[in-house]
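The values are calculated or read from the model by the stated rules, or taken from the named source; none is laboratory data. Fair warning: this is a prediction, and the values are worked out from it, not measured in the lab. Ideal geometry is used to build each Cβ from the backbone, glycine not excepted, and the neighbour counts take in all protein chains shown.
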């Protein structure tokens, strides 16, 4: 069986610690009773082994690296139909899954946020995500309002998912070791089907507010000012990091004139 050489341009850092692999796999909770799991970027299959052993769900893999794909096909010939050669970011989810599925993986750091934005787009099909991220990104996603890490990604994901920071992972358990620490977080779909506002405007408001996070919302959101919106409400005296999802929904409704 050929050895898979990590490729820098794919952001590959292969997890080597089996105990951490088990811990990651056991972090899946079957939230909302899904029966399928998609592992993104399995690499040499350290998580895959434990996922395939589970009797609670059926596992599918998607791998963009041809060498790793060939390695996995050779390692798990009985699962050949469950191993997809492709790019998750371009993958047509509906072509493979007609029912809910969880997402899991030691995500390449260079596309981890893009993976989450695709999950967000398909949130009604993805009830749970367990993933390894750069620690800084994991903190940003899981942090509550009022913290320095809280930002755009926090608000957009927390609108539809309950998020838990599970544990920190040392750089020394990977090959090659990254220069930073990693962390595993879990996202579980909440019961919010749609936000009580214009969702496109909501996203624009959140992004604009955080792109000038040192300013009060009155100044940061001045480009949204219209004749019927004076931004005089006391909430506009706050800064973006002080607001939760519901407050951003309220601001969006004010700006829209709802």
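Taking the range 176-235 as the region of interest, how many residues are in contact (Cβ under 8 Å) with a residue 40 or more places away in the chain, touching a helix residue (DSSP H, G or I) at 6+ places or on another chain (Cβ under 8 Å) and over 25 Å from residue 161 (Cα atoms)? Summing the residues that are in contact (Cβ under 8 Å) with a residue 40 or more places away in the chain, touching a helix residue (DSSP H, G or I) at 6+ places or on another chain (Cβ under 8 Å) and over 25 Å from residue 161 (Cα atoms) in the range 176-235 gives 3. Going residue by residue through the range 124-142, is there one that turns out to be part of a loop (DSSP other than H, G, I, E, B), touching a strand residue (DSSP E or B) at 6+ places or on another chain (Cβ under 6 Å), within 23 Å of residue 246 (Cβ to Cβ) and modelled with pLDDT of 95 or more? Within the range 124-142, one or more residues are part of a loop (DSSP other than H, G, I, E, B), touching a strand residue (DSSP E or B) at 6+ places or on another chain (Cβ under 6 Å), within 23 Å of residue 246 (Cβ to Cβ) and modelled with pLDDT of 95 or more. Would you mind stating whether residue 112 is without any contact (Cβ under 8 Å) to a residue 12 or more places away in the chain and crowded, with 18+ Cβ neighbours inside 10 Å? No, not satisfied. Tell me, please, whether a residue that is within 10 Å of the chain's Cα centre (by Cα), part of a loop (DSSP other than H, G, I, E, B) and closer than 21 Å to residue 184 by Cβ can be found in the range 90-104. Scanning the range 90-104, I find no residue that is within 10 Å of the chain's Cα centre (by Cα), part of a loop (DSSP other than H, G, I, E, B) and closer than 21 Å to residue 184 by Cβ, so the answer is no.
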